[in-house]
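The values are calculated or read from the model by the stated rules, or taken from the named source; none is laboratory data. Because the structure is predicted, anything quoted here is derived from the model rather than measured. Heads up, the Cβs are rebuilt from the backbone with ideal geometry, glycines too, and the neighbour counts pull from every protein chain shown.
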Amino acid sequence: MSKAELYKKIHNVMQEVEYLQKDDKVEFNNTKYKAISEEKVTMTVRDSLIKNGLVIIPVEQSHRREGNLSTVDVKYKIVDIDTGEYEIATSSGTGADTQDKGVGKAMTYSYKYLLLRTFAIPTGDDPDKISSAELDDQQRKRKENSKQAENPKGATTGNKKQEDRKAPTGESIPTSLKKLYQDYAGDLNNLESWVGKQKEKNRTYAQMEEFMKKLLAEKQAKEGEI
C-alpha cells in the first residue's frame, strides 16, 4: 500500500506549523542564551497532529549513562490513523541529572527535536552556527592527524574500540569546552571519550559547547543555583 496519504498529512503539518519563536531564556554565570521549550513545541505540533489524524508512538529505546549524562536513542512510529500506514523516525537526546531523572530529560529532548526536525520547523537563530574559517581549520587538523589516528600511540587490539571513540590524536579540545565539561561533570576523566562519541554524530566543537551549556543550565536549575 502506498504511503502517499501519510506523507500528505506530514506535509500538512509542515504547512500549518511554519515557525516557532524561542520562549525560554537560560542564564548562568556569564552565559545567556534563548531556547525553545518542549512544552511549546509539543502543544503546537500536537494540535496539528490531531487535526490531520497522525499519532506518534515511541516503539524502541536504548539508553546509556556516563557520569551525570544519560543518552537515549529512540525510534518513533508516525502513524496515519485512517490508513494504518506508518513511517519510522529516529531521534537521540541527552539529559543531565545527578539522580534518576536523566533518562526522562533525555527522552524529552529527543522528542522535542524529533518534532522540530521531522516537520522542518525553524526556531530562529541557530545556536550551532560556526564560521567557514573554523570548519576549514578543523578539516585541516583532521587531515594532519589522520595518520596518527589510524595507529595511535599505545593502542592495542584489546582497547582499539575504546581508543576509536576518543578525540583524534593530536587534536586539541578547546579550553572553553573543557571548562564547561568540568563544571558539569566535576572532572575531565571521561572528556575524550565523550568528545569522540559526539564526533561520531558529526557534531562540531561549537555544537558540543552549546549542548554542554544546556546540560549545565539544567543541572544548576535543579540544584537551585539559578
ask   = Name the residues in the stretch 58-110 that are β-branched (Val, Ile, Thr) and touching a Pro at 6+ places or on another chain (Cβ under 9 Å), would you?
value = 74
query = Could we say that residue 39 is assigned to a strand (DSSP E or B) and either touching a His at 6+ places or on another chain (Cβ under 8 Å) or not assigned by TED's automatic domain parsing to the domain that holds residue 194 (or both) here?
reply = no
ask   = Could we say that residue 189 is modelled with pLDDT of 70 or more, under 17 Å from the mean Cα position of the chain (by Cα) and not in a helix (DSSP H, G or I) here?
value = no
message = Anything in the stretch 57-88 that is of a type in the set (A, V, I, L, M) and surrounded by 15 or more Cβ atoms within 10 Å (Cβ to Cβ)? List them, or say none.
response = 69, 72, 74, 78, 79
